[in-house]
1. Just to confirm the number: angle between the C-alpha axis of helix 167-182 and the first principal axis of the chain, 0 to 90 degrees, nearest 10?
2. Accessible area per residue for the stretch 30-141 in Å², computed with a 1.4 Å probe and the full protein assembly in place, what is it?
3. In whole Hz, with x marking every Gly and Pro, tabulate ³J(HN,Hα) for the stretch 39-44 from phi via Karplus 6.51 cos²θ - 1.76 cosθ + 1.60, θ = phi - 60°.
4. Pulled fully out, how much extra length does the chain show between Ser199 and Thr30, if you take 0.36 nm times their separation in residues and subtract their Cα-Cα distance?
5. For Leu22, what residues show an amide H to amide H distance below 5 Å, using hydrogens built from the backbone and excluding near sequence neighbours?
6. Indicate, rounded to the nearest 5 percent, the antiparallel portion of the DSSP beta bridges found entirely in the chain.
7. Divide by every residue of the chain the summed helix terms, -39500 (n - 2.57) for each DSSP H run of at least 4, and state the resulting mean residue ellipticity at 222 nm, rounded to the nearest 500 deg cm²/dmol.
8. Which shape class applies to the stretch 93-147: rounded if a/c is under 1.5, otherwise prolate when a/b exceeds b/c and oblate if not, where a ≥ b ≥ c are the square roots of the Cα gyration tensor eigenvalues?
Amino acid sequence: MSGGLGLGIQDLSVRFGSLEVLRSISVELTSGVTALLGVNGAGKSTLLRVLAGLLAPTAGTVRLGERGLRQSRGAVLRKVGYLPESSPLPPYLTPLEYLEMVATLRDQPTDRASLLAQLEPLGVAEHGGRLIGDLSLGLRRRSALAGALLGDPPVLLLDEPLSGLDVESARAMRHRLSERARSGAVVLWATHRMEMVESLATRVLVVHGGRVHCDGSPMALRQGVDRPGASFEEVFFGLLALPRAGD
């Protein structure tokens, strides 16, 4: 189970040469779905890569509960499920074989029944023996999400998990993410699907120019731009026109 651990980010910065991609980001993430919003190049994917342990920050710290990512890297990352925007799974494996590989790395059960139980809620169990290369985009993405969810990690980092999915696949993913959030998981969901933010997320983090531009519930942010009948996409661009929180 998740255990209700929080994810703490303190003064996090990432620089590539003279380009500062993330600038002193500080935020505490708790259980529930947090939508991570921003225009292309705002730093969303970079932030997720740092939190997933794939990119070392130039400065700052990340901790899960009382454990720091730098000091307890292995222990922390075993509690994190990460789904990158592009999740190329080995096409020569089946979903069951892919999950067996992930389960082995995470010290989770590798028997067929346990692996099928991971695929079932996402509607992939009946395709578990087919080659991943022969599956549709939706089934491949759902298989990748099953790998991220394996072992019920208390933190989920998801980069555009609904991108390119059909209605059925998107519905299965939304349902599974809501379940994990209700069980106490921290779900950080980077998305451009503005129309889904208010139905799925309890918190919104807007990143702009590598900084946290604003942070709050969807309702609070909507009230902040005073656009009660607007789409959330219009709310989002209205937020970008406001001064950054704290300035």
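The values are calculated or read from the model by the stated rules, or taken from the named source; none is laboratory data. Worth saying up front: this structure is predicted, and the values here are computed from it rather than measured. Cβ atoms come from the backbone with ideal geometry, glycine included; neighbour counts cover every protein chain shown. Accessible surface is based on the protein model in full, side chains and every heavy atom, while ligands, DNA and RNA are left aside. Shrake-Rupley method; radii C 1.70, N 1.55, O 1.52, S 1.80 Å.
1. 80 degrees
2. Ligands and nucleic acids excluded, the result is 50 Å² per residue.
3. Per-residue couplings from phi come out as 6, 4, x, 6, x, 4 Hz.
4. Values: separation 169, 0.36 × 169 = 60.84 nm, distance 1.82 nm.
Computed gain between Ser199 and Thr30 is 59.0 nm.
5. Those lying under 5 Å, H to H, from Leu22 are Val14.
6. If we restrict to bridges inside the chain, about 50 percent are antiparallel.
7. Result for the chain: -10000 deg cm²/dmol, rounded to the nearest 500.
8. prolate
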